[in-house]
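Okay, structure first, notes after.
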Amino acid sequence: MQMPEAVQTSLKVAVVGLVVAGLYFGKEVLVPFALAVLLGFVLDAPVSWLRRWRVSRGVAVAIVISVAVLLAGTATTLVLSQFSHVGEQLPRYQQTIRKKFRAMREGVVGNGSLSSAASVVDTVEREVAATTRAIAGPAAKKDEPLSVRVMVAEPTPMQALRDRIAPMLGPLGTSSIVIVLLVFFLLDRQDLRDRLLRLVGGNLHLMTDALGESARRVSRYLSMQVMINAGYGVVLAGGLWAIGIPGALFWGGLGAVLRFVPYVGPVAASLCPLVVAFGVDPGWAMVGWTLALVVLLELVVNNVLEPWLFGASTGVAPVALLLSAIFWAALWGPVGLILATPLTVCLVVMGRHLPAFHFLYLLLGSDPVFDRPTRLYQRLLAGNLAEAHELAEQDIAAEGLTGFYSGMAVPALGMAVSDRRRASRARHRHRVITGAESLLLQLRAEESEPFAHGPQVLCIGLRWEADGLSADMLAHALRHDGIHAQSLPPSSVSGGQVSTLDFDGVEAVCIVTYETDEDDLIREACRRLRALAPNVVVALALWDADGLSSAAASTQRLGVDLVAATLTEATQRILARLPARADALDRAPTIPDAETGAQTDTAEICRQLNVHLPALGRRAAQRASEIFDTAQGVIFWSDGRSQQWRADGAIEAPRTIDALGHSLVRHVLDSGETLVVPDLERDPRVPTPTSASVTALKFMAAAPLIWEPGTTIGALCILDPVARQLDRREVRLLEALATDLVEQLRAACPAPAQPDSAPMGDAPTGAVTAPA
């Protein structure tokens, strides 16, 4: 029996309350534990470095702990000595501060209306005091208090020693517990990790990823924070010493420590030297130099060092980081401020990998909670055109105009079409349509001069207004690629309007629609177009076509020449069907040498590496195929050979990979960039297959084997009969495998000499197979 939703919510709130109460009342135990874990992330790196030099773990931990304690003790001693010197000079600083404030007050109220007001107030105060004394008379003298002298006994030596030691016992005890826990954490790190994995249970893959990413993020954050803060303290101390600020070493060390506290720490670290400069110098020169030093340091640290060393971010949203700092400070005090960022990073990583904690990732993470199309659709739905335009500009800068239309705008309109079938309202549909029109008008306003000739491509929406808007986007993308394309309203393919179309100079017509269940309407529109222009290529852009099993079968069933499921695919296929652009796609560019400008003969490099290519290449192909769980792994060399490994152990005929080798792989060899093709059947760069084996292949990804900048000796490819996609991490993993293979080749043989020049594009890419 399922509990009511109100009861479930109450239980969740009660659990959260118990956890918060446990964190608060258990801070005496949890704070040393958290500090030990935090320091363990920082000190594990030097321990691992010593382990690589074959130092036993116990000795490595002892060395690292001893050095850390020695450095901390030395720094503390130096800072405290400077603090004592500053304390001795405080009376003199107080006199300077009084004089400076007196001078400021005299400068402010010396003349004018403020001076008159001050004199009036003083007069009123004197009259009130005189009146009060006159009224009180002799009775006031009787009520005057008697002076009493209090004698304080001098403490004994033992009492004085106890008074000095007592405040230090708490921090010393906490430090001792932290050091003991830290030693055990560093000694038994692997065993503790295994026990934690076993205790949590569940999916071992997810937990391993969560722990690994948490350790990497926190360790990197803390290590970089220690480096930045230490450098900040050294530079601040040196600058203050040069300016003449007393206790420069103390203020530099204090600034380095305070910067570990988020938000508040950097402000305090900047204000302390300014206050000292204000009290030391009777004038304002020292204050000005100190202010310039502090501002310069903050600008360099915040805008240069932290973005460079920290990378993109810790994965935590700025607002969430501020709220977490307030939360942990309320629970654990100043230590909670220091621990706030690492603890929040761990919570965000847990929420990313573990479904039960996914709400933490949504609340605290810095990644957008909506994908690209949903973000644009929400802005259009809310009528927020300014933010929609801003999103469009950002996406165009990152992905290009065609990428924006294909990956963001067209899917956003598709969401509007889906909502129209369910529960959208008239005002919502109106906002989306008018917002998309406004976005298109703004983007088309940046177009270059109009074409001198008539349109080569007509883009026609099939039925709905969303079809017409997406046809406008397709035409705009084609014009951006140099093809004169014109978009027409959906009514253009109706029986009464299609006869009025002018097909003079038109080479292709693309019907655009979101409707996947309108086969009869599509076939009728194609029949009308072919009756008027039999030689024109008829394309179908079926945006919601993920369910189509085969593009070839779809073209036969719908009576069109080609079918595309995305705007990028539509532009590529249409460009490939235009005669002039098809010739340009077939001509692969060559890569000139970076220094001489001559073309590099990568085939000659491969021939010189011939001894080591077969074994290493076949092993790398097998490893890539197994890691990505694909049917085939292939290494293509630019001298026309390849090593192939199949998951079933069979050996393919050479012609199986030949079509791919002369098309997509050549693009990788020429460009030196990784290529991912989710569906080979839909890529216009893939020629018509000549064998059933090639037809069965759907997915391909290829990473270049870069021998040196500008020289690509081959490509590491993975192939599969099932269409799929790779995320960014998987693409980087494939590139890392390709880099590892190049490093193995470098280690196995010396760098070969390169000839003067040889055209790279003339070297065919064949398939010479090898058994697993």
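Can you work out which of the residues in region 191-218 that are open to solvent by 30 Å² or more (accessible area, probe 1.4 Å) and touching a residue at least 24 places away in the same chain (Cβ under 8 Å) is nearest to L299 (Cα to Cα)?
Selected residue: R217.
Quick grid of which residues meet (1) in a helix (DSSP H, G or I); (2) on the phi < 0 side of the Ramachandran plot; (3) at pLDDT below 80:
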residue	(1), (2), (3)
G173	yes, yes, yes
L181	yes, yes, no
L192	yes, yes, no
Y232	yes, yes, no
G238	yes, yes, no
S270	yes, yes, no
P282	no, yes, yes
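How many of the residues making up region 26-38 are crowded, with 16+ Cβ neighbours inside 10 Å and within 16 Å of R193 (Cα to Cα)?
Adding up the residues that qualify gives 4.
May I ask you to list the residues in region 375-419 that are modelled with pLDDT under 85 and touching a Pro at 6+ places or on another chain (Cβ under 7 Å)?
Result: M415, single match.
Among the residues of region 197-226, write down those that are aliphatic (A, V, I, L, M) and under 23 Å from V335 (Cβ atoms).
A215, V218, L222, M224, V226
Conditions (1) open to solvent by less than 10 Å² (accessible area, probe 1.4 Å); (2) of a type in the set (K, R); (3) modelled with pLDDT of 50 or more; (4) not in a loop (DSSP other than H, G, I, E, B), marked per residue:
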{"site": "C717", "(1), (2), (3), (4)": "yes, no, yes, yes"}
{"site": "A723", "(1), (2), (3), (4)": "no, no, yes, no"}
{"site": "L737", "(1), (2), (3), (4)": "no, no, yes, yes"}
{"site": "T765", "(1), (2), (3), (4)": "yes, no, no, no"}
{"site": "P771", "(1), (2), (3), (4)": "no, no, no, no"}
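Could you say whether any residue in region 656-678 is outside any loop (DSSP other than H, G, I, E, B), at pLDDT 75 or above, of a type in the set (A, V, I, L, M) and within 21 Å of L562 (Cα to Cα)?
Yes: region 656-678 contains one or more residues that are outside any loop (DSSP other than H, G, I, E, B), at pLDDT 75 or above, of a type in the set (A, V, I, L, M) and within 21 Å of L562 (Cα to Cα).
The values are calculated or read from the model by the stated rules, or taken from the named source; none is laboratory data. All values reported here derive from a predicted model rather than from experimental measurement. Cβ coordinates were reconstructed from backbone atoms using ideal geometry, including for glycine residues, and neighbour counts include every protein chain displayed. Protein only, heavy atoms only, side chains kept; ligands, DNA and RNA dropped before computing areas. Shrake-Rupley method; radii C 1.70, N 1.55, O 1.52, S 1.80 Å.
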